[in-house]
Structures are given as C-alpha cells and as structure tokens.
1. Which value in nm describes the separation of the simple spin-label points at residue 244 and residue 277, placed 7 Å from the Cα toward the beta carbon?
2. Among 228, 281, rank each residue by its count of other Cβ atoms within 10 Å, from fewest to most, as a rough exposure measure.
3. Per-residue counts of other Cβ atoms within 10 Å, averaged by peptide: what ranking do you get for 207-214, 101-108, highest first?
4. Per DSSP H run of at least 4 residues, take -39500 (n - 2.57); add these up for the chain, divide by its residues and hand me the 222 nm value, nearest 500 deg cm²/dmol.
5. Give the peptides 314-327, 78-91, 9-22, 192-205 in descending order of average Cβ contacts within 10 Å, highest first.
6. Going 7 Å from the Cα of residue 252 along its beta-carbon direction, which residues of the stretch 306-329 have the amide nitrogen within less than 18 Å of the resulting point?
7. Just the number, please: percent antiparallel of the DSSP beta bridges in the chain, rounded to the nearest 5.
8. With an 8 Å cut-off on Cα pairs and a minimum separation of 6 or more residues, tell me the relative contact order of the stretch 185-334 in percent.
C-alpha cells in the first residue's frame, strides 16, 4: 500500500506587537491629516510603532511571537526542523532574521532562512514549509511574518505613513496524516508592476516624537490608486482559484483572514466573493498594515478568541510588493 502523503497542520499560533500605540490623533501632529480622513479611507484608528529604547527589534518581536506559538503547540524549539521568516525589514542584511530567531530560541536542530515577498511573505513562507512537509524533508516547522515598517516610512508622506505599523505573527506547523491542515496554497507574482510599491535608497526624516525609531537607509514608495484596483482584482481571482481547486463554494468558508491593508480593499474582495463581512476577521483598526505580519497576527487573535472552530474551512489571502499575491485554504484542526 502506498504511503499516505502527510499534510501540514497548524499546532500553535502566536503574535507580538510593540508597546507604543500611535493613534490617528497623534498623527495629526506629525503630518497634515485627520482621524476622520484616515478612518474613512482606510479603517485604521491606531498602529503599533517599535522603539529602539525598548527590546523591540525585528528579532525581538519575532522571538516573542514564536515562543507563544511553541507554547500553544506544546513543543520545544529543539524539535523544530525549519524556521522560515517572511520579512522585508530584518535587523541586518545578513544573517537572516530566521537565523537570528534560531539563535534566540536555541532551535539548534533547525535550518533557517528568510523570504522576501512583501505583504505576501507569510503565505510564501507557509507554502515553502508545506512543500517540505509534503515531500517528507521536514516534520515540524516555525513560520513567521514580521515587520518594522516604521523604520522605512517617509514620515512626511501622509499618503503612506498613516497606513503602516510594526508586529510579528507565528505559526507552528507539523506533519500529520490526520484530517484537516493546509488543503492548498496558490501563489502568483508580476514583476512588471513592481513600480506600484517599492523601496529606494534614502534617509528618513523623523518627527521629534518618533526619534526613538531605528531608521533604515531606504524609504517606501507606493502608488496607492493603481495598487488599490489591482489588489481587489488579484485577491478576488486568487481566492476563487483556491475555492475551485478544493471544490468549495463561498458558503463553505467559515472564516476569511485577509491581509490587513485597507478596509475598503477587504470589503470589496468580500463582496466580489459573496462572503459576508461577518465571516471576515479584521483587526486593521488596531494595528494598521503590518505587511507580512498581518495575516499571522490576525490568525492568532482569531484563534485565541475562539472565532475558528475545529473543522472549519479558513481562507487566507494576501497581496503585496513584487507584485505578489496568494491564497490558502485550511481545514482547521487545532
């Protein structure tokens, strides 16, 4: 009898965000904006901003999220075979954020590396681990999305600095032949549209009240209007592809955990998919857009607050710089 191919199951989730809350009212003292404008256009009320005066490096945030996920899974770091981190804001160009997390966790038996796929980084990392588990080259893995986007923002550009925040999310994955787990992952990219969201070499101006940010020597640029239209189209099509692959309809999905980029994008996607917003988990109002960290942070909150039942079909969907986008459907087994 042929050996059954294992599936990747989530055993634990975790997240970590900086202590400091930067509200829309705070931003009114930094750039020409208002709470009403930010809320109406994005759905964001506040975001978390890391400080170099606190233990809030990319590695610190990722490690705290990892510890929580491992504790929920009931596993030790020494049991990990792989650590894969989705990020565009590691503490150093090299070694990778994953290797730095490996050191802090003392996960001495794991291989570790980063993936750069913008806001889709977590799904790209998840796909890498899922493939390794299904091939039999990995049994237990840690998948992370972590960003300190505050370090690459132009704090004089009101169209972008109001959107983004810092944080980390993690999941522990393990091979199992039991029911559930990741049913499929679908990834796409289009490098011809890279000019819609990119970074350039530059030094950031820091407002007085944010001088404890640890800035990187490059800045984020975004063509918001063109990106918005493309995002809705790509998120809808990749979600439909995932549903079709698994012979599921929109009615079979009990929870959607989307990338938290903009509430209008999320609502437009849900409308196109004919999925009511009651089934869509959002926390963008509290964290803003945390790029690759947004899905695992939201997944951890949904899980810990009991919003996902065992056996439920969960849709993850994301879109980011590259351009990159992706979707995954899981049958929840926690």
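1. 2.9
2. Exposure proxy ranking, most exposed first: 228, 281.
3. Sorting 207-214, 101-108 by mean packing, highest first, produces 101-108, 207-214.
4. Roughly -9000 deg cm²/dmol at 222 nm, from the helical runs in the chain.
5. Values: 314-327: 26.6, 78-91: 24.1, 9-22: 21.9, 192-205: 14.1.
Put in order of decreasing packing, that is 314-327, 78-91, 9-22, 192-205.
6. Within reach of a label on residue 252, which here means backbone N under 18 Å from a point 7 Å along Cα→Cβ, the stretch 306-329 contributes 309-317, 327-329.
7. Numbers: 42 of 59 bridges.
Bridges in the chain are about 70 percent antiparallel.
8. It comes to 33 percent, rounded to a whole number.
Rule-based calculations on the coordinates, nothing more; no lab input. It should be emphasised that the depicted structure is a prediction, and the values quoted were computed from it without experimental measurement. With ideal geometry, Cβ positions are generated from the backbone for all residues, glycine too; neighbour counts draw on all protein chains shown.
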